[in-house]
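One structure below.
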Amino acid sequence: MQDHRRLGRELELFHSDPLVGAGLPLWLPRGAAARRAVEDYLLDLERRHGYRHVYSPPLAKAEMYHRSGHLPHYADDMFPPMALDADNAFVLRPSLCPHHAAVFAARGRSYRELPLRIGEIGGQYRAERSGVLGGLSRVRAMSLNDGHVFCAEDQVEAEVVAALAVMREAHRALGFAPSSWRLSLRGEGPKYVDDPELWRRGTAVLRRALAAAGVDAVDGPGEAAFYGPKIDIQVLDHAGRESTLATVQVDYHMPARFDLSYVDAGGARRRPVMVHRSAAGSMERLFAHLIEVHDGAFPAWFAPVQLEVLPVGDADARGFLGRAGALGLRVEESHSGSLSARIRDAARRRVPFVAVIGAKEAAEDSVSLRSRDGSVAVRPVAEALALLEAACRPRKRDAVPEPSVSV
Ligand SMILES: [Zn+2]
């Protein structure tokens, strides 16, 4: 695997500007196109699994993070509060959880609404020290593929299993497999919420869910969130370093801190449990991994440019370009340089499909289509477009994406 920072620069996916600041990457148009395709896929996947999406602001009153426990337990990783006036201090949020708890609390809830699955791809911030920042893998501002399930105690195990299933489907579609699974447990010290019964229940339910999902996980003492144990899905980078990409967490703490409740079948007020989960992690860390694991050659459905059109001589490719664009394909045209140089350049940029249109093809209403795996075929335009559209569509459900598609 190559370092994603080098590939990101060569493929013009993202950029760091010292004036913007370290750990605050800019997504260039090509990287942004790939990310948008992945975000659309993840939101659609979650909708199919019963999630409803919200938007929430990336900052909130400091008081909210006192309540959640972030300021007492997690302040070292947070940007300092910004005082607006004597009564109001705001912080850039270190997580979306409290905002989603506020979505749950927006009105009275009945047991009939549970499990209530709330999702968002939203910004969160971490006050990383300059020395540890690099590329997309350690940043100060990130967009998290986040979700919170509010459920009854007897629904927790099934919801954790369901979250693991969503995650596996996402990872297959994105074309990678975790290096290991970790059950992250409480360690020593004041970092953790002090409530032994809460830790015992949370750990037991995660162990049962892992067994039900048929997953072998290694124990990771001292790796839990401050409010509860979690299952972490680990991946390796180009240097063999392991990091957490996706996670599922059980939390009895925050629902109590925010006094969340629902009315059960007998009319009694009950406390929901919060399952925190991220199927694909932050877009930043996800793409650091995707760039390395695919060597920049993303599956066609999220390739920045899916089709490069190369006209030869005076051939007019505008009709073909227009039809490909109308199908929603990300298509570009290249005129400058010899045909072989243009084909080499498209290959260097890992473009999955190249269509060459010369005088002969234009006269026959055909294109010479070549794919990243090296296969070449002359096909009628309508047939080529149907093939491209199918190859560039995100895979649904259990279909496994092919690393390359032959033409
Ligand atoms: Zn959360």
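Among the residues of the stretch 213-264, those that are among the charged types (D, E, K, R) and farther than 19 Å from LEU96 by Cα comprise ASP216, ASP219, GLU223, ASP237, ARG241, GLU242, ASP264. Filtering GLU308, GLU383, GLU361 for residues that are in contact (Cβ under 8 Å) with a residue 24 or more places away in the chain, farther than 19 Å from LEU11 by Cα and acidic (Asp, Glu) leaves a single hit, GLU361. List every residue pair whose Cβ atoms lie under 8 Å apart, where the two residues are 6 or more positions apart in sequence or sit on different chains, the first residue falls within the stretch 142-156 and is more than 15 Å from the ligand (Cβ to nearest atom) and outside any strand (DSSP E or B), and the second residue, located anywhere, is modelled with pLDDT of 95 or more and among the small types (Gly, Ala, Ser). Listed by first residue and then by second, the contacts come to nothing, as the list is empty. Remark: pairs (first residue in the stretch 258-279, without any contact (Cβ under 8 Å) to a residue 12 or more places away in the chain; second residue part of a strand (DSSP E or B); Cβ separation under 8 Å; 6+ apart in sequence or on different chains) = ARG269/TYR262; ARG269/VAL263. For SER336, the criteria (1) more than 16 Å from the ligand (Cβ to nearest atom); (2) more than 30 Å from GLY108 (Cβ to Cβ); (3) surrounded by 19 or more Cβ atoms within 10 Å (Cβ to Cβ); (4) among the hydroxyl-bearing types (Ser, Thr, Tyr) hold in every case but one, which is (3).
ASP40 meets each of the listed conditions (1) assigned to a loop (DSSP other than H, G, I, E, B); (2) loosely packed, with under 15 Cβ neighbours inside 10 Å; (3) touching a residue at least 24 places away in the same chain (Cβ under 8 Å) apart from (1). Has the stretch 79-97 got at least one residue that is among the β-branched types (Val, Ile, Thr), under 30 Å from PRO190 (Cβ atoms) and not in a loop (DSSP other than H, G, I, E, B)? Within the stretch 79-97 (the criterion being among the β-branched types (Val, Ile, Thr), under 30 Å from PRO190 (Cβ atoms) and not in a loop (DSSP other than H, G, I, E, B)), the answer is yes, since at least one residue qualifies.
Residues of the stretch 262-279 that are touching a helix residue (DSSP H, G or I) at 6+ places or on another chain (Cβ under 8 Å), away from the ligand (no atom under 16 Å from the Cβ) and either small (Gly, Ala, Ser) or at positive phi (or both): ALA265 alone. Selection of the stretch 238-272 for residues being in contact with a strand residue (DSSP E or B) (Cβ under 7 Å, 6 or more places away or on another chain), closer than 28 Å to GLN2 by Cα and not β-branched (Val, Ile, Thr) yields GLU242, SER243, LEU245, ALA246. Looking across the stretch 102-130 at every residue that is within 16 Å of the ligand (Cβ to nearest atom) and part of a loop (DSSP other than H, G, I, E, B), the one that is farthest from MET64 (Cα to Cα) is identified as PRO115. Scanning the stretch 240-261 for residues that are away from the ligand (no atom under 16 Å from the Cβ) and either of a type in the set (A, V, I, L, M, F, W, C) or at pLDDT 95 or above (or both) turns up ASP259, SER261.
In the stretch 172-200, which residue that is among the small types (Gly, Ala, Ser), closer than 26 Å to ALA256 by Cβ and surrounded by fewer than 19 Cβ atoms within 10 Å (Cβ to Cβ) is nearest to the ligand (Cβ to nearest atom)? I'd like the intermediate steps shown before the answer.
Applying the first criterion (among the small types (Gly, Ala, Ser)) to the stretch 172-200 yields 173, 175, 177, 179-180, 184, 187, 189.
If we keep only those that are closer than 26 Å to ALA256 by Cβ as well, we get 184, 187, 189.
Next, from what is left, pick out any that are surrounded by fewer than 19 Cβ atoms within 10 Å (Cβ to Cβ): 187, 189.
Working: GLY187: 20, GLY189: 21 Å.
Filtering the stretch 172-200 for residues that are among the small types (Gly, Ala, Ser), closer than 26 Å to ALA256 by Cβ and surrounded by fewer than 19 Cβ atoms within 10 Å (Cβ to Cβ), the one nearest to the ligand (Cβ to nearest atom) comes out as GLY187.
If you go through the stretch 55-101 and pick out every residue that is within 13 Å of the ligand (Cβ to nearest atom) and out of contact with any Leu (no Cβ under 7 Å at 6 or more places or on another chain), you end up with 10.
With respect to (1) more than 16 Å from the chain's Cα centre (by Cα); (2) among the small types (Gly, Ala, Ser); (3) crowded, with 16+ Cβ neighbours inside 10 Å, the lone exception for GLY50 is condition (3).
Got at least one residue in the stretch 160-171 being assigned to a strand (DSSP E or B), surrounded by 19 or more Cβ atoms within 10 Å (Cβ to Cβ) and either within 16 Å of the ligand (Cβ to nearest atom) or touching a residue at least 24 places away in the same chain (Cβ under 8 Å) (or both)? Step through it out loud before you land on a result.
In the first step, residues of the stretch 160-171 are kept if they are assigned to a strand (DSSP E or B); the result is none.
No.
The values are calculated or read from the model by the stated rules, or taken from the named source; none is laboratory data. On a predicted model such as this, the values are computed, not experimentally measured, just so you know. Don't worry about glycine lacking a Cβ; one is built from the backbone with ideal geometry, like all the others, and counts go over all protein chains shown.
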